[in-house]
Amino acid sequence: MSEQPLWQPSQRQIEQAQISSFMRAAARRWGVALDDYAGLYRFSIEQKERFWTSIWEQCGVIGEQGERVLVDGDRMPGARWFPDAHLNFAQNLLRRDDDSEAMVLGGEDRLRRSLSWLELQRQVSRLAAALRAAGVCVGDRVAGYLPNLPETVIAMLATASIGATWCSTSPDFGVQGALDRLGQIAPRVLFAADGYQHKGRALDTLGKLSRIVEQLPSVERAVVVPHLQSRPDLSRIRGAALLADFIAPHPPGPIAFEQLPFDHPLYIMFSSGTTGAPKCIVHGAGGTLLQHLKEHRLHCDIRPGDRVFYYTTCGWMMWNWLASALASEAALLLYDGSPFHPHPGVLFDFAQAERMTLFGTSAKFIDAAAASGLTPRRSHDLAPLRLMTSTGSPLSVEGFDFVYRQVKPELQLASISGGTDIISCFVLGNPIGPVWRGEIQTRGLGMQVDVFDEQGRPLRGEAGELVCTAPFPSMPTGFWNDPGGERYRQAYFERFPGVWHHGDWAELTARDGVIIHGRSDATLNPGGVRIGTAEIYSQVEQLDEVVESVAVGHLSRGSERIVLFVVLRDDLTLDDVLVQKIRNALKENRSPFHVPARVIQVSDIPRTRNGKLSEVAVRDSIHGRPVKNRGALANPEALEEYGTLSDS
C-alpha cells in the first residue's frame, strides 16, 4: 500500500462539507463532542435514534416524523423505524418548481433533451392523474421496461405520489427474463419504450413487449414512450397507448401526495439466489429516502444545483439511487446508449458538456477506459467534477491509479459497495477523509458493519464475511409473496443469527478503510448486476446438446465474469458453433449480462450429498483456493477437472 494518500481534502473543503455542518448541528442538538468522522461514526451506531433523527431534521424530510424513532431495536429482523411517521417519497423529491434544469438526457444520437423542475412537476401531475383514472391506487404495482429516460423517472414519481409500488427492469432483458421478474408481482400498468440505442443500433422492443403483455394477465394498460419513433405502431400490443395519449385528458395541476407509513412499499427490486426465480425484495419509502439523503448529502456532498450522473440501466439499483438525488435538489444527468460508442471517451464528452459534478460508473468502465488509453485530464475540461464513484465490482489498485493520473488528481474517488438487497451502500466515500490506494474510504454512517470469520468472530486485517450487526432503516421490509418472512430470514440471517450476512468477502484495514475482495456466495455479479445461476441453467439445459451445467463468477483483472461449465451428450465435443449457440440463447432469452465470458466442457459436476450443485466448490477451485466443503461432496473427484483459470 502507498504510504501517502492519493487525495486529501483541503482544510477549506473539510470546513465547507455538509458532513461537517451536520456534525456541528448534531453536537449542539445532542450535547455531544463530534470532532471528526470517527467520532461521528461511533455516534451514528451507538446512538442510532439520535443520529437518524438528525438525518430527518437536517435533511428537511417532508412529512410527519411522529414520536417514536426505533421500536424493537434489538431484533434483526424485526426492528421498526419511525413507526408513527407518515410521508410521501415523491413529494420529497419534488421540492422545487422553478425553471432550472431538473433532468438532462444525452445519448448516442447526440440529441439533448432537458426538463426543468417546473416541467417535471407538471409531467408528474398529469401522469399521476392518468394512473388514478386508470384505477391505480395505494398498494398496486406499476412496472417499467424502459431505458434510462426522463419518462422513467416521471413514471416512478407519479407511481410513488399515489402510493403504488414501482418496479423496473431493463429493456435488454429477454421476454423470459422480464416475465420471471414482473410475473411474480402482477403489475396493473406497464411502461415501456419502443426501443433503445446501443453501439449505433436502434433496437426495437415492441415485439418483446407484445409477448410480455400477452403473458402478464395482470397488465391492464401498456403505456409506450416513443423514443426511437414519433408514433410507433402499437396495434399488436394489448391495452397499449402512447404516453401522450394516456395523459392527454389530464391537465397539469397540484399533485395529491398520499401520506403513507414509513415502511410503505416504495420499490420492489429483483435479485437472485443460486436456485429458483429471482427474489422480489420490497423496500420501504422512508428507509430508502433517509438512507439516500444520508449517502448523497453526507458521503457524496451533493448540493442544490449539482449535476449528478450514474451510468446505469433501470434494472440496477444505482438507477434508484440516482433518482433520489432530486431530494437534494440536484439535476439528474441521464444517458441512453453504450459508454464506448461512438468512441471510448463519450462519457467524458458528456461530463464536459453538462458540467458534471458527480461521475458515477463501474470499476469495469474505469478498467476499460484505462485500456483504451484515455487521458481525460488532458482532453476534457472537467473543472466542475468533484467526485467520481465506482461500484459494481471491486475497483483494482490500477483503477485508482488511472483515475488520479489520467482523469483528475484533485477529485475525490469513492469506491462504494452495498447492493440491491439494501438499495444503498454499506461502505462508501468520506469527503473529509483521505483516499488510499486500493481502499474504500469508510463504513457508512449508521451502518454497524463488521467482518466475521467462519465462527462469527470479528476480524481485522484479514478477509472474511461482510456483516451488519445492527438494524438500519433501508433494510428490506420483506420479500414479495413471503408472508411469514421465512425466505427473507433465510437469505440474510441464517448464517449468523441476528446479524445481516451480505455475501461479500471483505477486509477492514488498519486505517478503518474497507477492501472488498468479491462475492463470498454463489450469486453472480457481472457488471454489478446480480444474477441467480438458476436463470442460466433454465436456458442452457433446454438445449439438446447440454446435459447439465454449472456457472460461477471468476475474478479477472478486478472484475467478475461468468464462466460456464457444461456436460454434453456423450457423442459431442464443445466447439465454437455450440458456444455461440449457448451465448445466443442466454442473450435472447435472458439478457446480455447472463452471457458467459468462457464456456468450458467437463465430464462431471461436483454435488453435495443431498444432490445440490456445489457452485462454491467450483468457484474456489478455479481461483486456486482450498475447497472447504470437499468432505461434504458426493463426488469430490469431479473437481480434478476444474483447474485454476487464468485471466485470459
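Quick notes
- Only listed residue being in contact with a His (Cβ under 6 Å, 6 or more places away or on another chain) and either charged (D, E, K, R) or under 30 Å from Leu203 (Cα atoms) (or both), chosen from Arg569, Arg607, Arg561, Arg583: Arg561
- Test result for Asn635, out of contact with any strand residue (DSSP E or B) (no Cβ under 8 Å at 6 or more places or on another chain), over 30 Å from Leu395 (Cβ atoms) and not hydroxyl-bearing (Ser, Thr, Tyr): no
- Taking the criterion of being crowded, with 24+ Cβ neighbours inside 10 Å and small (Gly, Ala, Ser), the only residue of the stretch 431-445 that qualifies is Gly444.
- Given (1) among the small types (Gly, Ala, Ser); (2) touching a strand residue (DSSP E or B) at 6+ places or on another chain (Cβ under 8 Å); (3) farther than 20 Å from Ser396 by Cα; (4) crowded, with 23+ Cβ neighbours inside 10 Å, number of the condition Ala327 does not satisfy: (2)
- Scanning the stretch 200-225 for residues that are in a loop (DSSP other than H, G, I, E, B), within 26 Å of the chain's Cα centre (by Cα) and not hydroxyl-bearing (Ser, Thr, Tyr) yields Gly200, Leu216, Val219.
- Qualifying residue in the stretch 7-20 (condition: modelled with pLDDT of 95 or more, surrounded by 12 or more Cβ atoms within 10 Å (Cβ to Cβ) and among the small types (Gly, Ala, Ser)): yes
- Test: residue in the stretch 422-430 that is surrounded by fewer than 21 Cβ atoms within 10 Å (Cβ to Cβ) and out of contact with any Lys or Arg (no Cβ under 8 Å at 6 or more places or on another chain): no
- Per this entry, Glu541 is not counted among residues that are of a type outside the set (Phe, Trp, Tyr) and in contact (Cβ under 8 Å) with a residue 40 or more places away in the chain.
- Every residue from the stretch 233-292 that is under 21 Å from Ser218 (Cβ atoms) and of a type in the set (D, E, K, R): Arg236, Arg238, Lys279
- Complete set of residues in the stretch 32-75 that are surrounded by 15 or more Cβ atoms within 10 Å (Cβ to Cβ) and either without any contact (Cβ under 8 Å) to a residue 40 or more places away in the chain or not assigned by TED's automatic domain parsing to the domain that holds Ala491 (or both): Val32, Leu34, Phe43, Gln47, Arg50, Thr53, Ser54, Gln58, Ile62, Gln65, Val69
- Residue, farthest from the chain's Cα centre (by Cα), within the stretch 519-549, restricted to residues that are assigned to a strand (DSSP E or B) and more than 17 Å from Arg598 (Cα to Cα): Val547
- Scan of the stretch 573-626 for residues that are part of a helix (DSSP H, G or I) and of a type in the set (Lys, Arg), ordered by number: Lys581, Arg583, Lys587, Arg619
- Per the listing Leu266, Leu326, the residue uniquely out of contact with any His (no Cβ under 7 Å at 6 or more places or on another chain) and of a type outside the set (Ser, Thr, Tyr) is Leu326.
- Those residues of the stretch 481-514 which are surrounded by 20 or more Cβ atoms within 10 Å (Cβ to Cβ) and not small (Gly, Ala, Ser), in sequence order: Tyr492, Trp500, His501, His502, Asp504, Leu508, Val514
- Test: Phe262 is of a type outside the set (Gly, Ala, Ser), more than 22 Å from Phe472 (Cα to Cα), in contact (Cβ under 8 Å) with a residue 12 or more places away in the chain and buried (at least 23 other Cβ atoms within 10 Å of the Cβ): no
- Residue in the stretch 500-515 that is more than 30 Å from Leu6 (Cβ to Cβ), not assigned by TED's automatic domain parsing to the domain that holds Ser556 and not aliphatic (A, V, I, L, M) present: yes
- Count of residues meeting criterion [closer than 22 Å to Met269 by Cα, touching a helix residue (DSSP H, G or I) at 6+ places or on another chain (Cβ under 8 Å) and of a type in the set (A, V, I, L, M, F, W, C)] in the stretch 514-550: 5
- Residues that are outside any loop (DSSP other than H, G, I, E, B) and under 14 Å from Pro458 (Cα atoms), drawn from the stretch 487-513: Trp500, His501, Trp505, Ala506, Glu507, Leu508
- Considering (1) without any contact (Cβ under 8 Å) to a residue 60 or more places away in the chain; (2) under 13 Å from Leu508 (Cβ atoms), the lone condition that Arg443 does not fulfil carries the number (1).
- Matching residues in the stretch 34-62 - criterion: being more than 26 Å from the chain's Cα centre (by Cα), at pLDDT 95 or above and not in a helix (DSSP H, G or I): Leu34, Asp36, Gln47
- Single unsatisfied condition, Arg110 versus (1) modelled with pLDDT under 95; (2) buried (at least 17 other Cβ atoms within 10 Å of the Cβ): (2)
- Qualifying residue in the stretch 335-346 (condition: touching a residue at least 12 places away in the same chain (Cβ under 8 Å) and under 26 Å from Gln13 (Cα atoms)): no
- In the stretch 357-395, the residues that are surrounded by fewer than 18 Cβ atoms within 10 Å (Cβ to Cβ) and in contact (Cβ under 8 Å) with a residue 40 or more places away in the chain: Pro384
The values are calculated or read from the model by the stated rules, or taken from the named source; none is laboratory data. Note that the coordinates shown come from a computational prediction; the quantities given were computed from them, not determined experimentally. Methodologically, a virtual Cβ is constructed for each residue, glycine included, from the backbone with ideal geometry; neighbour enumeration extends over all protein chains shown.
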